[in-house]
């Protein structure tokens, strides 16, 4: 029984010696297990590409005459539709300090109101005419980035014992809520993601707590191309698979600038 008590006491002392409380200078920025929160602004650009099938002059299946129209492709090769808004979120990561070098992993999730909206003073006719029961019009379209989340690897170096410069690379996934206003309103959720890179500068706030750091940085994400067809109950298909009258796809990118705080609180090695 005495031996068991001695072992428990020894483990307690070793655990105490491994905790940050005995680090006279605390953790270096980004070192150990850390938790943080950030806020900032986000911008982005959406680049659409729509190809339509032409319709020759003639008669529809019901016998009604139509004027016909030529098909074609609209593509935003330069520029596009801009998004802007604010966002905030949190991150959880773990980092190793190896002399002046640094390596770590990090996950994050953020939410905000990064949005673009296009409106028209006059209703745009998509199909039919005012005399038809199936007259379809559009007056506005809006897309909002509800949230993003992803994982990253980080590499960096310590400019000095209290300041870390790091770059990161990984993948971010975002949820977009797209809605239209017109003769019938539609709403649909779309998910997009792609490679993401970023850079940050972290500086320890010793005056408050040696384990607390201020962090500023920027993140760029390149969204992969995705087909978009059908919105809510509007089930028009992608003509490339024989289901509809258009082939629509979107791509784009986003940039966000952040400022936040992070707190290192555990050296995982102390658990073993």
Pulled fully out, how much extra length does the chain show between residue 206 and residue 134, if you take 0.36 nm times their separation in residues and subtract their Cα-Cα distance?
19.1 nm
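Could you calculate the contour length gain from residue 165 to residue 39, that is, 0.36 nm times the residue separation minus the distance between their Cα atoms, to one decimal place in nm?
Values: separation 126, 0.36 × 126 = 45.36 nm, distance 1.91 nm.
Answer, rounded to one decimal: 43.4 nm.
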Stretch residue 124-residue 214 to full length: gain in nm at 0.36 nm per residue minus the Cα-Cα span?
27.5 nm
Inter-site label distance for residue 111 and residue 86 at 7 Å from Cα along Cβ, in nm:
1.5 nm
Once both labels are modelled 7 Å past Cα along the beta-carbon direction, what's the residue 146-residue 263 spacing in nm?
3.0 nm
What are the principal axis extents of the Cα atoms in the range 124-225, in Å, biggest first?
75, 29, 16
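Only the coordinates and a few stated rules stand behind these numbers; no lab work does. Keep in mind that what you see is a predicted model, and the values were worked out from it rather than measured. Virtual Cβ from ideal backbone geometry, glycine too; neighbours counted across all protein chains shown.
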